[in-house]
1. Can you name the number of the only condition in (1) surrounded by fewer than 23 Cβ atoms within 10 Å (Cβ to Cβ); (2) over 21 Å from the mean Cα position of the chain (by Cα); (3) of a type outside the set (V, I, T) that S327 fails?
2. Only one of E55, E69 is acidic (D, E), over 21 Å from G316 (Cα atoms) and modelled with pLDDT of 95 or more; which?
3. Which of the residues spanning region 82-104 are of a type in the set (A, V, I, L, M, F, W, C), over 18 Å from the mean Cα position of the chain (by Cα) and under 20 Å from P140 (Cβ atoms)?
4. Identify, from the list G189, G213, G204, the residue that is small (G, A, S), closer than 30 Å to W376 by Cα and surrounded by fewer than 21 Cβ atoms within 10 Å (Cβ to Cβ).
5. Please report, ordered by residue number, the strands (runs of 3 or more DSSP E) entirely within region 207-272 with at least 2 residues that are among the aliphatic types (A, V, I, L, M).
6. Please count how many residues of region 276-323 are in the same structural domain as A196 (by TED's automatic domain parsing), in a helix (DSSP H, G or I) and crowded, with 16+ Cβ neighbours inside 10 Å.
7. Output the residues belonging to region 166-206 that are out of contact with any Leu (no Cβ under 8 Å at 6 or more places or on another chain), touching a residue at least 24 places away in the same chain (Cβ under 8 Å) and in a helix (DSSP H, G or I).
Amino acid sequence: MKNRMLACSTALVSTAALGGCALLPGGPGDRTVTIWLMQDSVSDEFLQTFTEEYEDAHPGIELEVTFQEWTGIVKKVNGALKSDEAPDVIEVGNTQVAQYAESNALLDLTLESMRDLGSDDWLPGLAAPGSINGSQYGIPWYAANRVVIYHKDLYAQAGIEEPAKTRAQWLEDTEKLNTGGNQGIYLSGQDWYTLAGFIWDEGGELAVEEGGGWEGALHTPAAIRGMAFYEQLQALGDGPADADEQTPPQAGVFAKGNVAQIIATPSAATVIEEENPALKGKLGYFPVPGKTAKRPGAVFTGGSDLIIPERARERGAAIEVVKALASERWQTELAKAMNYVPNKTTLASAIGGEEATAAMAAGAAQGRATPNSPQWAAVEADNPIKAYMTAVLQGGDPSRAAKTASAQITVALTS
């Protein structure tokens, strides 16, 4: 095998070389499969091992991988799908598949998903967004989702010996923690991804497809119950009613040491420990509790799917690469390398004894994604869910505020 330097363009960014080209393994082959991955989605070590082993097992195939940044990626992918120079495999956000599929420029991978990839065991939060009108265009690759990150010392001070497994117990514990100058939980008023999980737990939806069109659904009784629980929990801390979890960044607030809990992906722990090294070894993790102890609460599942453009030059070879990346072997390796949740519920054991990732995996089994509408990005662009949450938390009528937000969602999804 020989090393090679990929040709650079200003749009391509390598995780291995700041602003430069990726030095990736491989050797000359009869056919080249071009792959776009997102920046920082895999480690250099994982990519090198996968590339070496795949090329060794597939003589005549060369893998050419370039990294893309998330900023501006939708426009870039849409342009590539229309081009005769489309890459063969593209990593995309799981909630982006619907808008790419709308162009009728994606390869239908339904047969491969059922025959070769064990689609029955896929995480619903990755599989459902990749399925459009019964056809599977996005192949689940990896997932990440929110968990409860807690301060072990504050738990011990409150006499709480183990994390809650039900919402009722969680509220009770959080109330105990919310005393003596400590916040029971820091939950900003506009953390709508967390709210979505509570709404799903109640049997509600953010939006529903009716008669071929989409409508906002925040005004339904189930969705309003989800918001009512959010309001109860949010009151047990000092999170602002009119800001989201990035204003200010909640990891930084937690790092001050007087917050008992936040709801975030485990990656927030790195930021917390960097800002306050005294908290290293004092952080714990558990799945967002459900209504009963039988299963964790629903959570929004983020992550990536793999797609193949219809215009890909090496479609057959691209299918084989996707099958390999989504296989149990490489899913296990990726989970270990990146602390991701694998694409199948049956692979949870691959995580081993990692407390944070195990908590994520437990929640991911109940994971969901945003409504599978190509126009959902328009909702997030000027998000009426955030304004709705603030209105309720500031004393507004929940039913009236929900009806207003639902109407705005409907307009965004039908414009």
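1. S327 satisfies all of (1) surrounded by fewer than 23 Cβ atoms within 10 Å (Cβ to Cβ); (2) over 21 Å from the mean Cα position of the chain (by Cα); (3) of a type outside the set (V, I, T) except (2).
2. Working: E55 fails: over 21 Å from G316 (Cα atoms).
Being acidic (D, E), over 21 Å from G316 (Cα atoms) and modelled with pLDDT of 95 or more holds for just one of E55, E69, which is E69.
3. As a first pass, look at region 82-104 and keep what is of a type in the set (A, V, I, L, M, F, W, C): 86, 89-90, 92, 97-98, 101.
With over 18 Å from the mean Cα position of the chain (by Cα) added as a condition, the list becomes 86, 89, 101.
Within region 82-104, V89, A101 qualify.
4. Numbers: G189 fails: surrounded by fewer than 21 Cβ atoms within 10 Å (Cβ to Cβ); G204 fails: surrounded by fewer than 21 Cβ atoms within 10 Å (Cβ to Cβ).
Exactly one of G189, G213, G204 is small (G, A, S), closer than 30 Å to W376 by Cα and surrounded by fewer than 21 Cβ atoms within 10 Å (Cβ to Cβ), namely G213.
5. Details: elements: 207-210, 213-216, 261-264.
It comes to 207-210, 261-264.
6. 1
7. R167, Q169, W192, Y193, L195, G197, F198, W200, D201
Conditions tested, residue by residue: (1) hydroxyl-bearing (S, T, Y); (2) on the phi > 0 side of the Ramachandran plot; (3) buried (at least 23 other Cβ atoms within 10 Å of the Cβ); (4) in contact with a Cys (Cβ under 9 Å, 6 or more places away or on another chain).
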{"site": "T66", "(1), (2), (3), (4)": "yes, no, no, yes"}
{"site": "T71", "(1), (2), (3), (4)": "yes, no, no, no"}
{"site": "V77", "(1), (2), (3), (4)": "no, no, yes, no"}
{"site": "A80", "(1), (2), (3), (4)": "no, no, no, no"}
{"site": "V89", "(1), (2), (3), (4)": "no, no, yes, no"}
{"site": "Q99", "(1), (2), (3), (4)": "no, no, no, no"}
{"site": "E102", "(1), (2), (3), (4)": "no, no, no, no"}
{"site": "G118", "(1), (2), (3), (4)": "no, yes, no, no"}
{"site": "L123", "(1), (2), (3), (4)": "no, no, yes, no"}
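The values are calculated or read from the model by the stated rules, or taken from the named source; none is laboratory data. It should be emphasised that the depicted structure is a prediction, and the values quoted were computed from it without experimental measurement. So basically every Cβ, Gly included, is an ideal-geometry build from the backbone, and we count neighbours across all protein chains shown.
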